[in-house]
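Quick notes on the structure that follows.
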Amino acid sequence: MNQDIQTQEQLIEYLISIDQQHLITYINNYTQQQITEFIDQINQLNKNYPGGIKEYANRARKLLLDASEDVNPFAEYTAHVPQGQNVDIYSDEYFRLEQLGIEEIKDTCFVLVAGGLGERLGYDGIKVALPIELVTNTTYLEYYCQFILNLQKKHGNKLLPFAIMTSDDTHKLTLQLLENNLYFGLKKEQVTLIKQEKVPAMLDNLAHFAQIPGKLLIDTKPHGHGDIHTLLYMSGLAQKWKNEGRKWLFIFQDTNAQAFRALPVVLGVSKENKFELNSIVVSRKPGEAVGAICYLVDKNNKGLTLNVEYNQLDPLVKAQGGEPVDEQGFSKYPGNINCLLFSLNEYETVLQETKGLIAEFINPKYADATKTKFKSSSRLECMMQDYPKLLGPENKVGFTALNRRFCFSACKNDLNTALTKQKSNLPLECAASSENDFYWLNAELLRIAGVQIPDLVSDEVNYNGLEFKFGPKIVLHPSFGVTLSEIKQRIKGKVEISSNSTVILGGQAELHSIKIDGYALLFGNGQFNVEIKDSNRPKLMALEQQDGIPGYLKIRGYRLQK
């Protein structure tokens with residue numbers, strides 16, 4: 001543990017001792033207040049990083065040496081097809097695993113990684129405040145809270161802990177969103193915000209820290225979402241939950257509404273296979289820009305199931321003849337979507353041993369061929385999916401593979417990027433595709449439950465070359481059912497919904513004789529017997545101009561005319 005620095009003399013002595021004396025070259029040019037601010041920053045940086053900035057710099061020098069010598073982190077490994085479980089959502093096996101998993105919900109903790117703004121989307125707010133869809137304008141954060149609320153109702157309203165990792169950019173806005181909406185029905189005491197801090201940026205291979213121009217203060221940058229493990233350790237949350245008898249920890253990202261529909265099955269797979277870590281995975285095409293789950297074997301024949309980033313996968317498998325593919329042309333190395341389910345007992349033990357410090361990496365942009373100084377400052381980064389690097393061969397790591405649209409539809413790309421993806425026949429991963437997939441999933445769950453819904457296009461939207469084709473716009477509130485089995489129990493008779501319909505279902509509604517062609521809101525308790533014919537249905541319309549249009553519509557390229 002680093003002792004707090006109190007005086008200018010202590011500051012100078014400390015910085016010299018860790019080879020950062022360049023930071024104080026012109027210290028006499030600054031006021032006492034500015035020096036005090038600098039001392040406070042140093043003390044805070046030491047608290048934020050296990051081992052302090054001395055340890056941070058030492059780790060950085062080793063990684064920077066490897067980077068300057070072009071060391072391949074996977075040079076001594078060969079890639080093999082990993083072991084996991086494929087689950088078909090249309091099978092009896094799905095229902096069996098779902099029932100097994102739903103019994104484990106009462107002992108599950110939830111962690112949302114929400115440190116990013118929507119800049120990449122072209123949106124200037126926090127991503128969890130984005131509406132998933134335009135029928136109800138339910139935000140991602142509201143949906144997650146409502147799902148947790150209805151999951152805990154399955155077990156006598158036993159509170160399920162929910163932690164949210166924020167950043168300097170998102171903390172106040174996330175707290176404000178929760179408080180303004182009374183935590184969307186959750187109890188304030190079950191929700192914890194843990195803020196991710198930044199780390200020093202560096203100038204060269206000696207890990208000399210960069211300074212903010214014209215100031216004494218160190219320039220800092222985000223460290224990556226791998227910090228979630230360190231935060232769960234340093235906050236004591238993982239230990240607290242373990243002591244409370246909780247069994248599972250589910251970490252998910254900010255804009256993937258589909259993740260909660262998959263969770264019960266993934267819990268069932270983890271329980272049955274005794275997985276310490278279970279990654280939800282999807283099919284991916286060879287060369288697709290998404291991380292791949294591989295079983296890596298080193299020269300000592302020790303194996304490790306790990307995510308390999310797409311830019312590192314190609315050189316790894318090139319010597320092996322490329323990626324192996326199945327009969328449908330998909331890679332046998334499935335795609336990682338960063339939905340991770342941990343067995344809490346083993347996870348917390350690893351945190352105690354490692355302080356949650358995930359193996360870091362650095363991508364310096366060098367100023368010249370000498371590879372000693374950088375074009376711009378760089379910093380260490382870490383990724384939460386690299387957690388298996390803390391484990392040994394005896395730890396059981398696996399995956400659950402599911403239909404992509406059923407478990408994953410991220411909202412992360414702007415419309416220009418989406419157009420490029422569309423031309424390459426790749427998933428768009430933009431606000432429009434996420435909304436479309438959300439409607440599709442809800443409609444498909446009803447179809448599996450016995451509802452007659454044609455799989456036809458109702459709305460076609462063309463915007464700046466992008467084509468979106470929407471079917472029926474179905475919104476299932478979590479109160480209508482958190483599992484497919486529960487949704488199936490709601491269907492008591494012949495239920496028909498046309499492809500042109502917009503339907504919202506919620507509450508403990510039982511659908512008996514239902515025929516809908518238009519707009520319907522069926523939300524409440526008891527039996528429903530209705531026939532609705534409504535030609536004045538809501539319709540998606542391409543935006544004709546951008547001026548005065550809210551950001552959440554601009555990033556879609558259309559609006560809903562109600």
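The values are calculated or read from the model by the stated rules, or taken from the named source; none is laboratory data. This structure is a prediction, so every number in the text was calculated from the model and none was measured. We place every Cβ from the backbone using ideal geometry, glycine too, and count neighbours over all the protein chains shown. The protein model used for the area step is the full one, side chains on, heavy atoms only, and it has no ligands, DNA or RNA in it. Shrake-Rupley method; radii C 1.70, N 1.55, O 1.52, S 1.80 Å.
Observations
Quick grid of which residues meet (1) under 23 Å from Leu380 (Cα atoms); (2) surrounded by 15 or more Cβ atoms within 10 Å (Cβ to Cβ); (3) more than 34 Å from the chain's Cα centre (by Cα); (4) basic (Lys, Arg):
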site: Gln3; (1), (2), (3), (4): no, no, yes, no
site: Gln6; (1), (2), (3), (4): no, no, yes, no
site: Gln10; (1), (2), (3), (4): no, no, yes, no
site: Gln20; (1), (2), (3), (4): yes, yes, yes, no
site: Ile27; (1), (2), (3), (4): no, yes, yes, no
site: Gln34; (1), (2), (3), (4): no, no, yes, no
site: Lys47; (1), (2), (3), (4): yes, no, no, yes
site: Ile53; (1), (2), (3), (4): yes, yes, no, no
site: Ala57; (1), (2), (3), (4): yes, yes, no, no
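- The stretch 14-29 residues that are part of a helix (DSSP H, G or I), paired with ones that are surrounded by 12 or more Cβ atoms within 10 Å (Cβ to Cβ) and β-branched (Val, Ile, Thr) (beta carbon under 6 Å, 6 or more apart): Tyr14/Ile5; Leu15/Ile24; Ile24/Ile12
- Filter result for Tyr295 (open to solvent by 30 Å² or more (accessible area, probe 1.4 Å), modelled with pLDDT of 90 or more, more than 28 Å from Pro200 (Cβ to Cβ) and outside any helix (DSSP H, G or I)): yes
- Residue count, the stretch 339-384 (criterion: farther than 23 Å from Gly52 by Cα, among the charged types (D, E, K, R) and not in a strand (DSSP E or B)): 4
- 1 or more residues hydrophobic (A, V, I, L, M, F, W, C) and open to solvent by 40 Å² or more (accessible area, probe 1.4 Å): qualifying strands (runs of 3 or more DSSP E) within the stretch 493-562: 519-523, 526-533, 539-542
- Taken over the stretch 409-458, the criterion of being open to solvent by 30 Å² or more (accessible area, probe 1.4 Å) and either in contact with a Pro (Cβ under 6 Å, 6 or more places away or on another chain) or outside any helix (DSSP H, G or I) (or both) is satisfied by Lys412, Asp414, Ser424, Asn425, Leu426, Pro427, Gly450, Gln452, Pro454, Asp455, Leu456, Val457.
- Hey, Arg120 at pLDDT below 95, farther than 22 Å from Lys240 by Cβ and either under 21 Å from the mean Cα position of the chain (by Cα) or not in a loop (DSSP other than H, G, I, E, B) (or both) or not: yes
- Flag for Val482 being touching a Phe, Trp or Tyr at 6+ places or on another chain (Cβ under 8 Å) and in a loop (DSSP other than H, G, I, E, B): yes
- Residue count for the stretch 168-200 satisfying the condition of being part of a loop (DSSP other than H, G, I, E, B) and open to solvent by less than 60 Å² (accessible area, probe 1.4 Å): 4.
- If you filter the stretch 206-242 down to residues that are polar (S, T, N, Q) and not in a helix (DSSP H, G or I), you find that the one that is least open to solvent (accessible area, probe 1.4 Å) is Thr220.
- Candidate set: the stretch 243-275, residues that are of a type outside the set (A, V, I, L, M, F, W, C), under 22 Å from Leu391 (Cβ atoms) and assigned to a helix (DSSP H, G or I); chosen: the one least open to solvent (accessible area, probe 1.4 Å): Ser270
- Matching residues in the stretch 298-329 - criterion: being closer than 13 Å to Pro73 by Cβ and part of a strand (DSSP E or B): Leu304, Leu306, Asn307, Val308
- Considering Leu203, Leu134, Leu112, the condition of being touching a residue at least 24 places away in the same chain (Cβ under 8 Å), of a type in the set (A, V, I, L, M), in a strand (DSSP E or B) and more than 26 Å from Ala238 (Cβ to Cβ) is satisfied by Leu203 alone.
- Unmet criterion (only one of (1) touching a strand residue (DSSP E or B) at 6+ places or on another chain (Cβ under 6 Å); (2) buried (at least 20 other Cβ atoms within 10 Å of the Cβ)) for Leu97: (1)
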